[in-house]
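Every number here is computed from the coordinates shown, using simple stated rules; none is lab data. Treat the numbers as computed from the prediction; the structure is a model and nothing was measured.
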Amino acid sequence: MFELVPYSKKRNLTFYNPFEELEDMQRRFFGESAVRDFKTDIRDNGENYLLEAELPGFKKEDISVNLEGDTLTIRAERNDSTEEKDSKGNYIKRERVYGSFSRSFDMTGIRTEDIAAAYEDGILKLTLPKKQETLPASRKLEIA
């Protein structure tokens, strides 16, 4: 009664795959992976990279960005604080997913001390300045 059934081309019985049905059931039960594994775009702007992470519905306080060595980790946590229930306190339908998740990125070649972060309209933007490529100094070797 409360379920919308998404259109799916894979319902063709000649190509029936029971494992796809299990994956669909898992997605319906646990929620879409898009919430657990947030999407990112990374653009090369010449002197720096711009990493944009989609984190809709989060407050700035729920997001942390940590740098350990050459690994940058973005973490976000959504708490189960406000929930709609029927008169008996039971869920009628629950599609929002709560919990924490994270993604890590390699920062080799980035001036990590100059990384800047901003969060606005559900998008976390990280400006990642590139290190200047330094070529080894050339020198003339004496032949013995």
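Whose amide H sits under 5 Å from the amide H of L55, counting only residues 5 or more places off or on another chain, with H placed in the peptide plane?
Here the answer is I123, L124, since their amide H atoms fall under 5 Å of that of L55.
For region 111-117, take each phi angle, set θ = phi - 60°, evaluate the Karplus expression 6.51 cos²θ - 1.76 cosθ + 1.60, and give the result in whole Hz per residue in order, putting x for glycine and proline.
For region 111-117, the Karplus curve yields 7, 4, 5, 10, 5, 10, 10 Hz.
If you plug each phi of region 122-130 into the Karplus form 6.51 cos²θ - 1.76 cosθ + 1.60 with θ = phi - 60°, what whole-Hz ³J(HN,Hα) values come out, in order, with x for Gly and Pro?
x, 10, 8, 10, 10, 9, 10, x, 6
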